[in-house]
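Every number here is computed from the coordinates shown, using simple stated rules; none is lab data. This structure is a prediction, so every number in the text was calculated from the model and none was measured. Quick reminder, even Gly has a Cβ in these numbers, built from the backbone with ideal geometry, and neighbours come from all protein chains shown.
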Amino acid sequence: MATRQREKAEKYQKERDKRPTCIARYIRIPSGKVEIVLDLIRGKMYEDAVNILKQTNKSASPVVLKVLNSAAANAENNLNMAKDGLFVAECWSMAGPTMKRMMPRARGRADRILKRTSHIRVILEEKEIKKEVKKPAVKKQTTAKEVPATQAERPLTTKPNAKKPLGTKEVKDGTKS
């Protein structure tokens, strides 16, 4: 019996997900409201996700920020990963237990109030930063036809539909009056 348990434990260790993870359980916010915030940070770099969460005006933002920071701390302390190379690989919320309460109503009746909870999970991954060699920009050669020869041939403004300044008229021969 013990051999089988040991084999199962070894198999679990081999197949276990070794990415930095953090879970917050029994959070008193419905999972639908948490998902709105999680959709904002999914796939983003760690620093970008932190900035987004600090600026988001939702009740789930501080909680998700705490979970994200905890997952980053797990990556840094347990797996020796740098925070600047991390990104949010996966994040989701699951419905936790629902607390049922009653509210008295008219004529002796009662309505049920459902106070929902959620479990939040954030998984980070290390992003491989590729250093690209930039090619020197090739400048486009201009021909003599493209460059206006005289001041009269140049447009008054660089905007195509801009209004011309007051007091100027164009005559058909190309001069201003």
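For the reader, a short list of remarks on this structure follows.
- Checking the Cα-Cα distances for 8/83; 58/115; 18/83; 11/66; 33/83 against a 22 Å cut-off, the pairs over it are 8/83; 11/66; 33/83.
- Separation in nanometres of the label points that stand 7 Å from Cα toward Cβ, at residue 94 and residue 115: 2.3 nm
- As a calculated quantity, the FRET efficiency between residue 83 and residue 5 at R0 = 35 Å, using C-beta atoms, amounts to about 0.40.
- Take the Cβ atoms of residue 17 and residue 57, set R0 to 35 Å, and the FRET efficiency comes out at 0.60.
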